[in-house]
Amino acid sequence: MPTLIVFCHLRWDFVFQRPQHLMTRLAEHYNVLFVEEPMHTEGEARLEKTVVAPNITVCRPHTPIHQFGFHDDQLPTLQALLANLVPEDEAPIVWFYTPMALPLLQVFKPSKVIYDCMDELAMFKNAPKQLLQRESALLNIADVVFTGGPSLYQSKRDRHANAHCFSSSVDAKHFRQAQDRAISHPDQAHIAHPRLGFYGVIDERFDVDLVSSMADAHPEWQIVLVGPVVKIDPATLPKQPNVHYMGQRTYDQLPQFLAGWDVCLLPFAMNDSTKFISPTKVLEYMAAELPCVSTPITDVKVPYGDVVEIAESHADFIAACERQLALGDDERQAQASRMREVVAGTSWDLTASRMHELIGSAVAGNKVERFFANSQEAVRVPAEQLPVAQVG
């Protein structure tokens with residue numbers, strides 16, 4: 001079984017999303033070594049290896065270096081830790097979620113290089129300054145490029161001859177469990193109806209002012225927020241008594257929370273960090289056959305605007321939620337029918353299978369050794385120019 005080394009800016013045990021969905025399926029074909037960003041640990045550097053699923057090993061570097069992420073200061077230590085990750089005579093496939101790890105590619109003799117661009121990381125808060133430069137280098141090296149949605153595909157398609165759009169998919173069976181409203185999670189049993197819910201990472205992409213406006217406009221609405229708070233000050237979050245923070249939950253618990261909601265929310269801020277996002281949760285909400293309201297995120301509005309209500313302003317968003325709560329039985333049935341049609345058209349199984357085919361058919365460009373010999377400066381920037389912050 002070929003080895004697939006994955007460099008990712010997201011931890012495996014963080015929110016279960018695109019990398020986890022794809023790797024658990026691709027593990028049928030590859031021995032997956034999932035390399036995370038280093039964690040700061042005093043003492044001697046070490047590589048922690050944990051088998052998390054069949055054919056999937058998470059490799060978590062621990063180093064005494066204080067800089068976050070795949071920072072230049074980390075690279076020599078990481079190169080030493082990864083030097084024996086695979087036998088010297090093995091040519092693994094190397095898959096990148098973050099271009100910041102690109103210098104570590106020279107540790108290996110890759111048979112093929114994959115770039116799965118799931119987010120425009122350069123537009124995220126505290127993004128390293130050389131990320132765009134390193135991404136350009138990765139696009140020159142990669143044998144195949146995947147993008148996480150149509151907007152990203154339009155952004156990258158002219159920069160690589162073998163680029164393919166794979167929008168977020170859905171594990172429909174998992175989220176259809178929520179159609180049984182009796183399985184509602186007991187942790188929200190004390191919360192009255194109507195419940196309007198969101199799950200996901202609460203960060204700079206989340207419109208805190210919108211949620212606050214909703215809570216003020218309708219004190220009887222109970223807004224349930226499930227997910228970790230990352231990279232924003234928790235003190236800035238809405239504090240109204242009808243806003244409920246449930247914290248990060250497991251993937252298995254998400255259908256239970258959905259089962260107890262009346263309307264699902266996609267309250268994304270309209271800023272640089274959301275310009276190219278393709279939210280996985282929109283299809284999961286649809287699999288639960290629950291009414292959905294979203295801000296005008298392009299990769300929600302364009303493909304799903306006929307089934308997800310799109311609201312341009314805060315007032316429009318509140319009005320849209322009012323309409324979704326007031327839907328009659330016939331309207332709900334018609335909406336659910338359309339959602340079933342959408343969900344039937346995609347799955348993570350199908351996406352992973354098609355990616356596997358494209359990896360197999362990709363012609364290796366053999367650019368890696370030549371690139372690192374001649375273009376070292378394209379992937380390195382002096383460490384003092386880097387911000388001390390982690391992307392992801």
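The values are calculated or read from the model by the stated rules, or taken from the named source; none is laboratory data. Bear in mind that the values here come from a model prediction, so they are computed numbers and not experimental data. Note that each Cβ is placed from the backbone with ideal geometry, even for glycine, and that neighbours are counted across all protein chains shown. Please note that ligands, DNA and RNA were not included when accessible areas were found on the heavy atoms of the full protein model with its side chains. Shrake-Rupley method; radii C 1.70, N 1.55, O 1.52, S 1.80 Å.
Structure notes:
- Filter pass, Leu82 being hydrophobic (A, V, I, L, M, F, W, C), in contact with a Phe, Trp or Tyr (Cβ under 9 Å, 6 or more places away or on another chain) and surrounded by fewer than 21 Cβ atoms within 10 Å (Cβ to Cβ): yes
- For region 308-328, the tally of residues that are outside any helix (DSSP H, G or I) and open to solvent by less than 10 Å² (accessible area, probe 1.4 Å) stands at 2.
- Sub-8 Å Cβ pairs linking a first residue in region 339-365 that is farther than 17 Å from His164 by Cα to a second residue that is assigned to a helix (DSSP H, G or I) and of a type in the set (Ser, Thr, Tyr), at least 6 apart or interchain, are Val342/Tyr304, ordered by first then second residue.
- Verdict on Ala27 being more than 21 Å from Lys112 (Cβ to Cβ) and open to solvent by less than 40 Å² (accessible area, probe 1.4 Å): no
- Those residues of region 90-149 which are farther than 12 Å from Phe70 by Cβ and among the β-branched types (Val, Ile, Thr), in sequence order: Ile93, Val94, Val107, Val113, Ile114, Ile141, Val144, Val145, Thr147
- Against the test of being out of contact with any His (no Cβ under 6 Å at 6 or more places or on another chain) and modelled with pLDDT under 95, the options Phe7, Phe108 yield a single qualifying residue, Phe108.
- Look at (1) outside any helix (DSSP H, G or I); (2) touching a Leu at 6+ places or on another chain (Cβ under 6 Å); (3) farther than 30 Å from Gly360 by Cα and you find that Val170 fails only one, number (3).
- Residue check, Val224 modelled with pLDDT of 95 or more and of a type outside the set (Gly, Ala, Ser): yes
- Only one of Gln130, Gln154 that is touching a strand residue (DSSP E or B) at 6+ places or on another chain (Cβ under 9 Å) and either modelled with pLDDT of 95 or more or assigned by the TED database to the domain that holds Ser353 (or both): Gln154
- As for region 288-306, it holds no residue that is at pLDDT 90 or above, within 28 Å of Leu4 (Cα to Cα), assigned to a helix (DSSP H, G or I) and touching a strand residue (DSSP E or B) at 6+ places or on another chain (Cβ under 7 Å).
- Some residue of region 173-192 being open to solvent by less than 10 Å² (accessible area, probe 1.4 Å), touching a residue at least 24 places away in the same chain (Cβ under 8 Å), part of a loop (DSSP other than H, G, I, E, B) and not small (Gly, Ala, Ser): yes
- Flag for Phe198 being of a type outside the set (Asp, Glu), under 19 Å from the mean Cα position of the chain (by Cα), more than 30 Å from Val94 (Cβ to Cβ) and outside any helix (DSSP H, G or I): yes
- Residue check, Ala163 at pLDDT 95 or above and in contact with a Lys or Arg (Cβ under 6 Å, 6 or more places away or on another chain): yes
- Residues in region 53-74 that are surrounded by 20 or more Cβ atoms within 10 Å (Cβ to Cβ) and among the aliphatic types (A, V, I, L, M): Ile56, Val58.
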